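These notes concern the structure reproduced below.
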Amino acid sequence: MNYRILFIVVFVALVTACERAPETGLADRAQQIAIDSIIIDTHIDVPYRLQNRPADVSEATDGGDFDYPRAVSGGLNTAFMSIYTPAALEAEGGSRELADKLIDLVEEIVEQSPDKFAIALTVADARQQFESGLLSLPMGMENGSPIEGDLANVKYFYDRGIRYITPAHSLSNHISDSSYDENRQWNGLSEFGVEVIREMNRLGMMIDVTHVSDDAFWQILEISTAPVIASHSSARHFTPDWERNMSDEMIIALAENGGVIQINFGSIFISEESREYANARMESGRAYLIEHPDLTESYLFRDYPKVYAEEHGPLPYASLDEVLDHYDHVRDLVGVDHIGIGSDYDGVGDSLPVGLKDVSQYPNLVRGLLERGYSEEDVRKILGKNLLRVWQAVEDQAAK
Ligand SMILES: [Zn+2]
């Protein structure tokens, strides 16, 4: 045996192992944390996706960002199902009817696979379902349009299982102005909207400040007696002048109120380059709608992106690093107790960053946070503890 060669071989093997060990070690640790922490994602658009393209999400599905096997491998435990109604329905009618249908759909998912899914109505439900290995599907209502001007409908939807409401979506409605809409008929909330916020406080529903105009946000903070959430918003710092994301002042106020901002993973929420592309697409889309009056507002969000991409190329994706920059930014502003996850999976089409393409990829987020020096406890707060704290506070103040 040539000892010099043996020495070199062993030396090279050791150096390679040492270089690799922290890498695989960190990936394993991230996977482990993802599996044994409660991961809560406050915005996943499964119901609307299934309404348009039925599929069995208890098994692996061909498209889409969510299904049971991928959720399990990503460590997801509490997936807020978005009960989303298109803004145009407010004028056309049928919002409440559609919301009911989408809630039925979530109930069917659970009824068909009670060994896999359960609907969480309370923090205690979410914890208990996590302990028993069930994937919790609480529900949040995106767009308050189904309230249809009747305060009794807030209680109606609470009784059907809705645990947060986003007052408006892409158009200003009878409750609130929208950040996407130039029409600011209420300069924030309508008088009825103020009553809706109070009723939500009374019942123990979380108020979601996502999508609403800045004026509406400030009014909600003044009125709400409980902490509020932004169920799927990111930091405006990175997308200047875009009202849909939250400004630093708003994030600070949200934190002072005890609330939490759940970072949206969609590339256009994360990077200015993607945002500018989306701005140009939106302008072009609005012109397209004028030429095609038979199409509705939701066509802009759901289908027009494909039409636009054919001519202008695909949307430039944000990177996982850029998503992590949003976490750092909020943490540096207000601390780690006020950040969470609101991916917008199944809601932002093909615009997700590389490394965060679907519900199997939360461990990549965990790993990125660890690499940036977040402690394990910090990571667990981001994954779910922060949201549980807010949800609990909302329940507690309603119980008083
Ligand atoms: Zn949304």
So which of 101/385; 101/381; 101/357; 101/400; 306/357; 116/385 end up more than 24 Å apart by C-alpha?
101/385; 101/381; 101/357; 101/400
Please sort through the DSSP H helices of the chain and keep those with an alpha-carbon extent of at least 15 Å along the long axis and a Kyte-Doolittle average not below 0.5.
3-36
Dimensions (Å) - the chain, Cα atoms, principal axes, largest first
87, 54, 44
Taking square-rooted eigenvalues a ≥ b ≥ c of the alpha carbon gyration tensor, is region 207-333 rounded, prolate or oblate, where a/c under 1.5 means rounded and, failing that, a/b exceeding b/c means prolate?
oblate
Value of [θ]222 nm, deg cm²/dmol, for the chain, DSSP H segments ≥ 4, -39500 (n - 2.57) each, nearest 500
-15500 deg cm²/dmol
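Can you give me the relative contact order of the chain as a percent, contacts being Cα pairs under 8 Å and 6 or more apart? The partial results should precede the final answer.
Working: 769 pairs, mean separation 77.3, N = 400.
Reported relative contact order: 19 percent.
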With every protein chain left in place, what is the accessible area of residue 396 in Å² (1.4 Å probe, nearest 10)?
80
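Provide the packing ranking of 81-88, 117-124, 354-361, i.e. peptides ordered by the mean count of other C-beta atoms within 10 Å per residue, highest first.
81-88, 354-361, 117-124
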Would you tell me the accessible area of residue 273, worked out with a 1.4 angstrom probe on the heavy atoms of the protein chains, in Å² to the nearest 10?
120
Order these peptides, 127-134, 101-108, by their mean beta-carbon neighbour count within 10 angstrom, highest first.
101-108, 127-134
Gyration tensor on Cα atoms of region 162-261, a ≥ b ≥ c root eigenvalues, a/c under 1.5 rounded, else prolate if a/b beats b/c, else oblate, says oblate
Roughly how many Å² of residue 317 are accessible to a 1.4 Å probe, to the nearest 10?
90
State the percentage of accessible surface on the chain attributable to carbon and sulfur atoms; use a 1.4 Å probe and exclude ligands, DNA and RNA.
52
What relative contact order, as a whole-number percentage, does region 333-400 give when Cα pairs under 8 Å and 6 or more residues apart are counted?
47
Below 8 Å, C-alpha to C-alpha, sequence gap of six or more: please give me the relative contact order for region 78-218 in percent.
23
Judged on accessible area alone, 1.4 Å probe, highest first, 210, 225 line up as 225, 210
Three semi-axes of the equivalent ellipsoid, region 296-389, Cα gyration tensor, whole Å, largest first
30, 14, 12
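The values are calculated or read from the model by the stated rules, or taken from the named source; none is laboratory data. Because the structure is a prediction, the values reported are computed rather than measured. Methodologically, a virtual Cβ is constructed for each residue, glycine included, from the backbone with ideal geometry; neighbour enumeration extends over all protein chains shown. To get the accessible areas, we keep the full protein, side chains included, count just its heavy atoms, and leave off ligands, DNA and RNA. Shrake-Rupley method; radii C 1.70, N 1.55, O 1.52, S 1.80 Å.
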